[in-house]
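The values are calculated or read from the model by the stated rules, or taken from the named source; none is laboratory data. Quantities reported herein were computed from a predicted structural model and do not represent experimental measurements. Backbone-built Cβ (ideal geometry, glycine too); neighbour counts: all protein chains shown. Ligands, DNA and RNA are stripped out before the accessible areas are found, and what is left, the full protein with its side chains, is counted by its heavy atoms. Shrake-Rupley method; radii C 1.70, N 1.55, O 1.52, S 1.80 Å.
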Amino acid sequence: MKYRSAQWFGGREELAFQNRSALRAMGLNPDDYLGKPVIGLANSWSELNNCNGNLRDVADAVKRGVLLEGGLPLEFPTISLGEEFMKPSAMLYRNLMAMDVEETLRANPIDGVVLLCNCDKTTPAQLMAAASADLPAIQINGGPRAIGHWRGNSVGSGTDLWKYSDDRRAGRLSLEEWHEIEASYGCGVGACNTMGTASTMTSLSEALGMMLPGTASIPATDARRLQAATATGRRIVQLVREDLRPSRILTPKAFDNAIRTLLALGGSTNAIVHLIAMAGRRGIRLPLERFDELSKSTPFLVNLMPSGSHLMDAFDSAGGVSAVLAEIRSLLHLDEMTVCGRTLGENIARSRSFDRKVIVSAEQPLLSGGSLAVLKGNLAPNGAIIKASAASPHLLKHVGPALVFRDYEDMLNRIDGPDLPVTGDSVLVLQNAGPKGVPGFPEWGSIPVPSKLLQAGIADLVRISDSRMSGTAFGTVVLHVTPEAAVGGNLALVQDGDLIQLDVAGRSLELLVDATELERRRAAWKAPTSRHLRGYPKLYIDHVLQADEGCDFDFLRPESEAALEFIHPLVGRS
Ligand code: FES
C-alpha cells in the first residue's frame, strides 16, 4: 500500500532527497522508516493549560504503541485551549485550533493522526479538524484530575467552586476557609473531575467511536491511561493500513448516538454547540429540534456533579461510558463503526453498570427524559437551551419581571449592590454576551445569584442570556438564546419589569410584551459597536455562526458535496 507520506519521501528525487534529509537531521534514518505509516501526534500540552499537563507522558506512551506496530510517530504542538487562563473564553479560539490542526495535517507528510486532548474545547476542536481532513484519526484524552478534599468532603471541580463562592458571598465562609478550599481545589493536572464540558466531550468522543472504549474516564494519574495510550498508538497504525477514516465513523447515526449519550449523562450544555459544529464539518445538519426529540425519550442515568453528587473516579469505577451505552442500548444505532474496527454494539456487548448509585438503570432513571431541553418562543425564535437536570424543579414553570443587565460589566458592577431591585421572582437577563457580542461566546450565563438573595436564603432564580455556562455549573439558567442580542435578537429589546414566561415542560420562553411595542423598540435599537477592528477577533465576529448552528465559521462548513473533499497540497519544492 502506498501511503500519503510517500509523496514527500518518494516521487521527484530532489524533493524526496530534501525531505529524507530532514528526517536524518532529526536523527531518524529513513531506511528504518520509509514505507511505514507516518503518524502525527497532535499534542495540546501546554504550561498555559493545567488540564492538559500530562499529555507529554501520554504522547510518549502513544509513540511506544506506534513504534511497536511499525509506524513512525512524529509529534507536533498545537494551540492549547485552557479554560482557566484564556479570556474571555477558550471558545473564542476553538475554531482557530480546529484550523491549526487541519492545516498542519494538510501541509505535512502525515498518514494518520492521534489527537491528544483534555480541557473542554480541545476535544471538539480536534474532532472538527479530523472530520474535515478525513485522514485516519483516533483521539485520546489526558483524563480527569485527582480529587481534593476539604474538611472531610471531596471537592468537585467547578461545581463546588460555584457553591462555595455563593457561601462566601452570603457570608457563610470566612476568608481563611476560602483559602483552605483554594489549596484543596486544584489537585494535580487533568481535566475537571465533574461531568463538566471536558468529561462530557471525551465521553461523547468515545460514544461517537473516535476513542478506544473505556478510555475517556480513566483518571489522569492512573497507569491504565498510559496503557490505553499505547493501545491507541498501535491502533492508529492499523487504522491507516485499513484506511478506516472519520467519514465512516462520524455518520448521522453516530451523532444520534452521541446526543443520546449526552442526555443520559446529563452532560454539559456546551456539547450541543460542539456536536452541531462537528457534524457540520461532515455536511450533517443537527437541528436543535433533533436534540429535543431525542431528549424526550432518553433517560437521565448518571449521578455526577453538577446534576448529581459523585465525581469522575466513581463514574470510571462504575463502568464509565460503556456502562451508560449498555443501559441505553435499545435506543442506540449499534451497527455504527468505531475506531476499534468493531461496531458500537460489539464494543458494549458485555458492558454493564457496576455501581447503581452512580450509573442507575434505565428502568429506574433519575429523570425519565429531558435532562436538556430546547426552548422556543418570541424571546428565542431560533432556540435556547436549559439543563433541566441541574435546575430547581419549582422554577421550571415560572413567570416573573425582568431585571436587565446590558452586558457583563454592567452585571458585575450591580449584581451585589444592596439597592438592586431584585426578588426571588425576578428573571435576570444578561444581554450582549453571545458569540458575536463579546466576541467569543463566554461562559457568563450562570449569572451569580445576587448577594442580598443569598443572604435571605434564596439559592436560585431564573437567569436568561445569549451566553453559555460552564459544564460544571448548575441552576435554572436559560442559555444560548438565539438570535443573540448583538445581532438584534429580541433579547436586546427586553426592558426592566417586562414579564417573562418560562415553561420547560411546554418548551417555551416568551417575552410577554405585545408585538407593536416590540416593533417600536426594534426601530429604536442600535447595534453595539465593536472595538475589534482587526485580527482574529474581527475574523471571528465577521464569520461566526449563531449557537443553533454550532458557532463554526461559515467558511469552514462544507456547503456542497464538492467542499467535503480535503484538498491535499501539491507536493513541490519548499
Ligand atoms: Fe479544563 Fe475543566 S477547566 S477541564
- line: Of those in region 167-201 that are of a type in the set (Val, Ile, Thr) and within 11 Å of the ligand (Cβ to nearest atom), the residue most open to solvent (accessible area, probe 1.4 Å) is Val189
statement: If we ask which residues in region 508-566 are acidic (Asp, Glu), closer than 28 Å to Val462 by Cα and open to solvent by 80 Å² or more (accessible area, probe 1.4 Å), their number turns out to be 2
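Can you say whether Ala314 is modelled with pLDDT of 95 or more and open to solvent by 10 Å² or more (accessible area, probe 1.4 Å), as far as the supplied structure shows?
yes
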task: Please tell me if Ser157 is in a loop (DSSP other than H, G, I, E, B) and open to solvent by less than 10 Å² (accessible area, probe 1.4 Å).
output: yes
task: Spot the failing condition for Ala220; the list is (1) out of contact with any Ser or Thr (no Cβ under 9 Å at 6 or more places or on another chain); (2) within 10 Å of the ligand (Cβ to nearest atom); (3) not aromatic (Phe, Trp, Tyr), and only one is missed.
output: (2)
field: Residue satisfying all of: in region 265-311; among the basic types (Lys, Arg) and touching a Leu at 6+ places or on another chain (Cβ under 9 Å); surrounded by the most Cβ atoms within 10 Å (Cβ to Cβ) among these
entry: Arg281
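Assess whether Ser530 counts as being touching a Lys or Arg at 6+ places or on another chain (Cβ under 7 Å) and more than 16 Å from the ligand (Cβ to nearest atom).
So Ser530 does not fit the description; no.
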message: Quick check on my filter: what residues within region 378-390 are open to solvent by 20 Å² or more (accessible area, probe 1.4 Å) and assigned to a strand (DSSP E or B)?
response: Pro381, Asn382
Matching residues, region 61-103, being open to solvent by less than 10 Å² (accessible area, probe 1.4 Å) and within 16 Å of the ligand (Cβ to nearest atom): Leu81, Gly82, Ser89, Ala90, Met91, Leu92, Arg94, Met97
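Of the residues Leu48, Leu34, which single one is open to solvent by 60 Å² or more (accessible area, probe 1.4 Å), away from the ligand (no atom under 16 Å from the Cβ), touching a Phe, Trp or Tyr at 6+ places or on another chain (Cβ under 8 Å) and without any contact (Cβ under 8 Å) to a residue 40 or more places away in the chain?
On the way: Leu48 fails: away from the ligand (no atom under 16 Å from the Cβ).
Checking each option against the conditions leaves just Leu34.
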field: Residues that are touching a residue at least 40 places away in the same chain (Cβ under 8 Å), open to solvent by less than 10 Å² (accessible area, probe 1.4 Å) and not charged (D, E, K, R), drawn from region 436-466
entry: Pro439, Gly440, Phe441, Pro442, Ile447, Val449, Leu454, Leu461, Val462, Ile464
